[in-house]
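All remarks here apply to the structure that follows.
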Amino acid sequence: MWFKEAKEIGLMSFRRCAMFQAGPYLFKPADSDAEFEQIHALNHATFVREIPQHHDPGNGRLIDKFHEKNFYFVAKRGERVVGMLSVHDQPPFSIADRLPDASLLHTPGTKPMEVRLLAIEPDERSSSVFGGLAWAVMQHLRTSGHTHLFISGFEDRLSLYEGLGFEPLGPAVGEAGSRFVPMCLPVAR
């Protein structure tokens, strides 16, 4: 099922992303219904309970509004998804609403990729999960022709993103407790 949908929306290069093992974790593209169900549960725990960014739908699941165009990299420990990072390269981009000038996304020579969501189980945050997910995305970016990686960085973790090379593109926006800073990382860097 996922393979057919990916072909229809032009994500075949994601399907070819390599999986790799690092310690107890397997990093790979999400490709099964069981993985997607675990992603939705992890999103709920992160973006409803921990970071009160969304209202609770009451079913323990949060499906991203861009789910149909997102591609998900997952970190698995055994059969359990313990982390995920979603990206997409199709407008509209959610960061556009946070930019002082959204035309930056359409500058000639720019092929944007947006990181939509990052969620890691709290007990796995001091592990190699984040590094493995970031590595998987960067390996894909180096072969896909994308020129810039855009994120809406959680304001309280700004120094983390800057340490990774992201640069702020404008001020933080949003409500207290869930303010985000539009940021960019040129892939060549």
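A few notes on this one:
- Each Lys or Arg adds one and each Asp or Glu subtracts one; over the other residues with Cβ under 12 Å from the Cβ of residue 177, this totals -3.
- Measuring r between the beta carbons of residue 160 and residue 37 and using R0 = 22 Å, the FRET efficiency lands at 0.20.
- Counting protein heavy atoms only, the chain has 54 percent of its accessible area on carbon and sulfur, 1.4 angstrom probe.
- Where the chain is the region considered: accessible area per residue in Å², 1.4 Å probe: 51 Å²
- Euclidean distance between Cα centres, the stretch 42-57 to the stretch 125-183, Å: 19 Å
- In straight-distance terms, cross-link reach from residue 76 covers every one of the aspartates and glutamates whose alpha-carbon lies under 15 Å from its own, apart from those fewer than eight places away in the same chain; here that gives 31, 33, 35, 37, 121, 123, 124.
- Cα gyration tensor shape for the chain, rounded if a/c is under 1.5, else prolate or oblate: rounded
- Applied to the stretch 125-139, the Karplus parametrisation 6.51 cos²θ - 1.76 cosθ + 1.60 on θ = phi - 60° returns per-residue 3J(HN,Hα) values of 6, 9, 10, 8, 4, 4, x, x, 5, 5, 4, 4, 5, 5, 4 Hz, with x for Gly and Pro.
- Largest GNM mean-square fluctuation among 76, 65, 28, using the chain with Cα springs under 10 Å: 65.
- Taking the chain and dividing mean pair separation by its residue count, relative contact order in percent (alpha carbons under 8 Å, at least six apart): 19 percent
- Residues with amide H under 5 Å from that of residue 153, placed H, sequence gap 5 or more: 181, 183
- Label point at residue 123 placed 7 Å out along Cα→Cβ; residues across the stretch 64-88 whose backbone nitrogen lies under 17 Å: 75-84
The values are calculated or read from the model by the stated rules, or taken from the named source; none is laboratory data. Predicted, not measured: the structure shown is a model, and the values here were computed from it. Methodologically, a virtual Cβ is constructed for each residue, glycine included, from the backbone with ideal geometry; neighbour enumeration extends over all protein chains shown. The accessibility values were calculated without ligands, DNA or RNA, using every heavy atom of the protein model including side chains. Shrake-Rupley method; radii C 1.70, N 1.55, O 1.52, S 1.80 Å.
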